[in-house]
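S.K.: Sharing a structure, written as structure tokens. Questions coming.
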Amino acid sequence: MIEDCLAVEFEVRHDDCPLAEATAATGAEIDARPPQRRSDGHDLLQFEASASDRLARVLEDDERISYLYVSRTEGRSRYRCLSKHPCVVRRLIDGGLIVETLRYRDGAARIGGAVVGRDVLKGVMEAAGETVGVTLERVYPLEAETVESPARRWELTPAQKACLRAALEAGYFEIPREASSEDVAAELGISKSAFLERLRRAEATLFDGIFG
């Protein structure tokens, strides 16, 4: 039985991945699932970002992307497409990395995941060493008991999760506040009253989970 399970975090820069380049061109931030390799050698990409016509246009104009599909819900856009271009994250996965989080921003990717055993970590590092701009940011023992995300543990709805995410990214919770409720509501494409209602319901759910 393998006893070592390690959490790892990588940063990838200077990768000519379509999603990385799209964030550099548009300023968007993309949360993606790990790419899924198809039998034809192309990767199925599934990801989401704040609703942006510009991001959709950039991706649609990219010849490496095909069959782009976009749906919008509560100010967020969900994308599905095929990529003909293999990204660095694919090499890390092939080396043994289990990807749990994958975020693209400003032309770079932040990857969080796990490896089972130090031999697997060695294989992932060897795969990373063959690429350009891959940096191992952190490595630490993974707790035996998996910690669920707050959204799952306290049953936030997708709308509440999007509301909290947008508010956090806009600086709504900063002191002094960097964005007004009107600003965040506009980013989500909803009214101020709808934003405040979802925010209060999300806060009530979280506080009940913490103190209840």
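The values are calculated or read from the model by the stated rules, or taken from the named source; none is laboratory data. Quick caveat, the model's predicted, so the values are computed rather than measured. Glycine gets a Cβ as well: all are built from the backbone with ideal geometry, and neighbour counts include every protein chain shown. Side chains are part of the model used for accessible areas, which takes the heavy atoms of the whole protein and leaves out ligands, DNA and RNA. Shrake-Rupley method; radii C 1.70, N 1.55, O 1.52, S 1.80 Å.
S.K.: Suppose each label sits 7 Å from its Cα in the direction of the beta carbon; what would the Ser71-Arg54 distance come out to in nanometres?
M.R.: 2.7 nm
S.K.: For the chain, what size does the Cα cloud have along each of its three principal axes, sorted from largest down, in whole Å?
M.R.: Extents along the principal axes, in whole Å: 51, 45, 32.
S.K.: Continuing with the same structure: Mind ordering 52-63, 161-172, 26-37 by average Cβ neighbours within 10 Å, highest first? Let's see the in-between values first.
M.R.: Details: 52-63: 15.5, 161-172: 19.4, 26-37: 17.8.
By packing density, highest mean first, the sequence is 161-172, 26-37, 52-63.
S.K.: Hey, another quick one. Percent relative contact order of the chain, based on C-alpha pairs within less than 8 angstrom and at least six residues apart?
M.R.: Working: 381 pairs, mean separation 54.2, N = 212.
Computed over the chain, the figure is 26 percent.
S.K.: Taking the solvent-accessible surface of protein heavy atoms with a 1.4 Å probe, what is the per residue accessible area of the chain in Å²? Walk me through the numbers on the way to the answer.
M.R.: Numbers: 12550 Å² over 212 residues.
The answer is 59 Å² per residue.
S.K.: Got a number for carbon plus sulfur as a percent of the chain's accessible area, 1.4 Å probe? Mind dumping the intermediate values first?
M.R.: Numbers: 6050 of 12550 Å².
That fraction is 48 percent.
S.K.: Run lengths n ≥ 4 of DSSP H only: what is the helix-derived mean residue ellipticity at 222 nm for the chain, with -39500 (n - 2.57) per run over all residues, to the nearest 500?
M.R.: Values: 8 runs with 83 residues, N = 212.
One gets -11500 deg cm²/dmol as the mean residue ellipticity at 222 nm.
S.K.: Residues in segment 60-93, backbone N under 16 Å from the label point at Asp40 (7 Å along the Cα-to-beta-carbon vector): list them, ranges by number please.
M.R.: Under cut-off, by backbone N: 63-69, 80-86.
S.K.: Next up: If N is the number of residues in segment 31-103, what value comes out of its Cα radius of gyration divided by 2.2 N^0.38 Å? Kindly include the intermediate steps, with their values, before the conclusion.
M.R.: Working: Rg = 12.7 Å, N = 73, 2.2 N^0.38 = 11.2 Å.
Normalised Rg, Cα atoms only: 1.13.
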